[in-house]
């Protein structure tokens with residue numbers, strides 16, 4: 001169900017309508033996907049809502065009931081707003097001549113994964129043999145201290161713009177603008193697109209399996225990469241979920257959402273552009289028995305956000321975006337594949353529940369539009385990491 005694609009252009013000029021400050025960045029693999037998953041997924045009972053781990057051995061406490069609440073930093077920047085229809089790149093996302101960190105890249109063979117080996121029986125297209133991983137360690141990171149981390153789906157995706165934001169904003173003196181020196185890990189999916197693909201399996205399935213993969217395999221692979229280890233022998237990632245975030249576009253965005261929703265004990269900060277909060281999950285997935293409409297169930301049918309009893313509004317900060325013509329659908333079109341409506345409904349549900357949330361609608365633009373991201377991403381990152389205090393340094 002991939003009507004739209006990603007763009008990597010830039011642009012800006014914003015017209016807020018309700019208390020949020022816009023931002024943006026480039027993206028990759030912008031088309032929406034759906035996937036199926038059977039082995040190793042929590043597909044029954046309250047495991048899905050509580051986020052308890054099943055197979056795979058990921059670290060972290062089950063459920064997230066024991067996750068400490070985020071500090072109360074007020075509501076500045078929360079709420080709904082619009083950006084466009086003209087766009088200007090944010091300077092914080094460009095090279096301003098400030099000290100730069102170090103970049104690394106490596107690959108992870110799918111065959112070595114206990115979570116996504118490319119051989120799931122629900123796949124109808126061939127998975128990649130390896131996933132590429134790009135890493136950026138900012139100049140302000142001090143080797144040996146537990147690093148905060150932002151995981152980007154569909155890597156490299158927005159890593160260049162996020163890296164420049166770190167260069168420029170980790171040295172900012174304004175506490176509302178300053179970013180912590182988090183490490184950026186941008187991992188490509190296992191390949192393909194839409195129902196029956198490895199990408200859809202990983203990103204669109206409402207399961208904690210992808211979050212467990214990131215925690216148990218992706219992040220340790222970064223620490224153990226020979227080039228990373230040579231440069232940062234003391235690198236380690238924080239186990240504090242308030243120091244762990246996820247960013248993506250399209251299905252990569254809903255993967256970020258699900259990572260935090262089902263495992264708030266592992267991830268607490270979410271940024272999603274053109275978030276695929278629609279019915280994109282493979283109907284043949286085991287999870288369909290519990291979540292028949294996949295991510296659509298966050299705001300409809302089962303109303304997972306409205307019915308949450310785990311106190312996620314105290315644990316998560318969530319940014320979502322959809323654009324006026326997202327994935328080819330207009331406001332007049334209805335149905336379970338309308339990106340704009342799905343994100344609007346999700347924003348309303350988050351607001352009603354008392355979440356720190358930020359929703360931006362991009363006027364006149366389509367799916368994963370680069371101009372929307374380039375005009376908003378810096379502000380989104382500043383809002384997303386507000387209140388972060390390293391707990392284990």
Most to least packed among 309-319, 93-103 [average Cβ atoms within 10 Å]: 309-319, 93-103
Peptide ranges 171-179, 218-226, 343-351 listed from the most packed, as the mean C-beta count within 10 angstrom indicates: 343-351, 218-226, 171-179
Virtual spin-label span in nm between residue 125 and residue 314, 7 Å along Cα→Cβ: 4.3
Peptides ranked, highest mean first, by Cβ atoms within 10 Å: ranges 150-160, 292-302: 150-160, 292-302
Pair residue 103, residue 239: separation of 7 Å Cα→Cβ label points (nm): 3.4
Segment residue 391-residue 178, extension gain: residue separation times 0.36 nm, minus the distance between their alpha carbons: 74.9 nm
Fewest-first ranking of 337, 367, using other Cβ atoms within 10 Å as the exposure measure: 337, 367
Extended-chain gain in nm, criterion 0.36 nm per residue less alpha-carbon gap, residue 353 and residue 306: 16.3 nm
Segment 295-393, relative contact order in percent, only Cα pairs under 8 angstrom and at least six apart counted: 31
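Based only on other Cβ atoms within 10 Å, what is the fewest-to-most ordering of 276, 75?
75, 276
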Neighbour-count order for 384, 166, 363, fewest beta carbons within 10 angstrom listed first: 363, 384, 166
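Taken together, the values in this text are just the output of simple stated rules run on the coordinates, not laboratory data. Being a predicted model, the structure only gives us computed values, none of them experimental. Every residue, glycine as well, gets a Cβ built from its backbone with ideal geometry; the counts of neighbours run over all protein chains shown.
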